[in-house]
Amino acid sequence: MNGFGMFIDKLRKNPQTIVMTEGKDERVLEASSRLLASNFLKPILLGNPDEIQKAAEESGFNIRGAQIVDPMTYDKIEEMVDLFCEIRKDKGLTPDEARELLRHPNYFGTMMIKMGLADCMLGSSSMSTSDTVRPALQIIKTKPGRSIVSSCVILVRPSATGENEVLAMADCGINEKPTVDQLVEICEDTANCAKNFGISPKIAFLSYSTKGSGHGEDVDRMRNAANKAREEYPELMIEGDELQFDAAVSPRVARQKCPNSKVAGYANTFIFPDLNAANMGYKIAQRMGNFEAYGLILLGLNARINNFSWGSNAMEVYSMAILTAALDLN
Ligand SMILES: CC(C)(COP(=O)(O)OP(=O)(O)OC[C@H]1O[C@@H](n2cnc3c(N)ncnc32)[C@H](O)[C@@H]1OP(=O)(O)O)[C@@H](O)C(=O)NCCC(=O)NCCS
């Protein structure tokens, strides 16, 4: 993996600000104290300043120099309310409803990004994934040319050769059962994200069938998506049929089941048929295969916003802040 060193170099050349929505979370405080000790990514902590300072003192982290913004007492809240209502006018959002929603740090922070008051944002999954991503979907929306926001997870573990083994899996967090066209989008966005981590993507569309060995609607959906993605992105290494996981990663199985494939046996980028499979798949790799998991990394969103997950430690929060700021930074 090119590693976080490359991301940090990118940020050193172009320092950024990042909103951290959970300002008094101990992991956020530790990550922020590390970021403040360097000069490439400046945290903006959301929350009550007294409570944040007290939490920092109690946990022993130095957050001197951090900007703290309190959504409850923000002096330009009416400007924010007006813009939020304008963005959601088709949905009939009233100023009172907007004010109420902006009390939630994820809505407030997302509006800060929309207003250009910060470069990027790291929210938390102290609520469900649905609640944490909804503000971004409603306010920021998709990038031009994209119909959905999706997500991937990057998995990293040291290998015997000394090189890190790096994999990408999608969509692990957002779309319950992507259509053929959505799978094609997820494939390209995941491949682009994977490249940032030094992966040369070899992409497998996963199924319970390998090249027609099994039958069913989901098999057809994955095969059609694989074919379409290969047609649309000839520059990417995509197996143009559906693969079972063992055929995707085991050279021995691949030799038996699809001897002519350049991807089968060596896949490192996995497009799953649905959210159930993808979410379980990455967690099995993380917990039983001893991979570190970075994500959910949101794809197709027109801003740099991610959330750290419930189980993250301070180092993972720090890493997520860095990759959120550096990925997609021109
Ligand atoms: C993404 C998700 C949160 C949206 O849920 P929701 O808010 O109930 O869905 P809605 O249909 O009301 O959509 C809300 C807005 O988001 C938009 N949206 C929904 N899914 C979207 C997607 N995949 N990409 C882009 N925009 C999307 C909708 O168009 C809508 O926009 P609008 O309000 O401007 O019209 C939902 O798909 C979900 O819960 N996914 C599963 C998440 C999960 O449980 N993950 C667990 C693994 S970590």
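The values are calculated or read from the model by the stated rules, or taken from the named source; none is laboratory data. Here the structure is a predicted model, which is why all the values come from computation and not from measurement. Here the Cβ is made from the backbone with ideal geometry for all residues, glycine too, and neighbour counts use every protein chain on show.
Taking the criterion of being in a loop (DSSP other than H, G, I, E, B), closer than 22 Å to V19 by Cβ and modelled with pLDDT of 90 or more, the residues of segment 280-315 that qualify are G300, N302, A303. Checking each residue in segment 277-305 for being within 12 Å of the ligand (Cβ to nearest atom) and without any contact (Cβ under 8 Å) to a residue 40 or more places away in the chain picks out M280, K283. Looking at G281, is it of a type outside the set (V, I, T) and not assigned by TED's automatic domain parsing to the domain that holds V249? In short, no. Note on segment 7-52: residues that are over 20 Å from the mean Cα position of the chain (by Cα) and among the polar types (S, T, N, Q) total 5. Can you tell me which residue is nearest to the ligand (Cβ to nearest atom) among those in segment 133-176 that are more than 20 Å from M280 (Cβ to Cβ) and buried (at least 24 other Cβ atoms within 10 Å of the Cβ)? Per the criteria, the residue is V149. The residues of segment 98-125 that are more than 13 Å from the ligand (Cβ to nearest atom) and part of a loop (DSSP other than H, G, I, E, B), listed by number, are L102, R103, H104, M115, G116, L117, A118, D119. Listed by first and then second residue, the pairs linking a residue in segment 152-181 that is over 14 Å from F197 (Cβ atoms) to a residue that is among the aromatic types (F, W, Y) and away from the ligand (no atom under 11 Å from the Cβ), with Cβ atoms under 8 Å apart and 6 or more places separating them unless they lie on different chains, are D171/F272; C172/F272.
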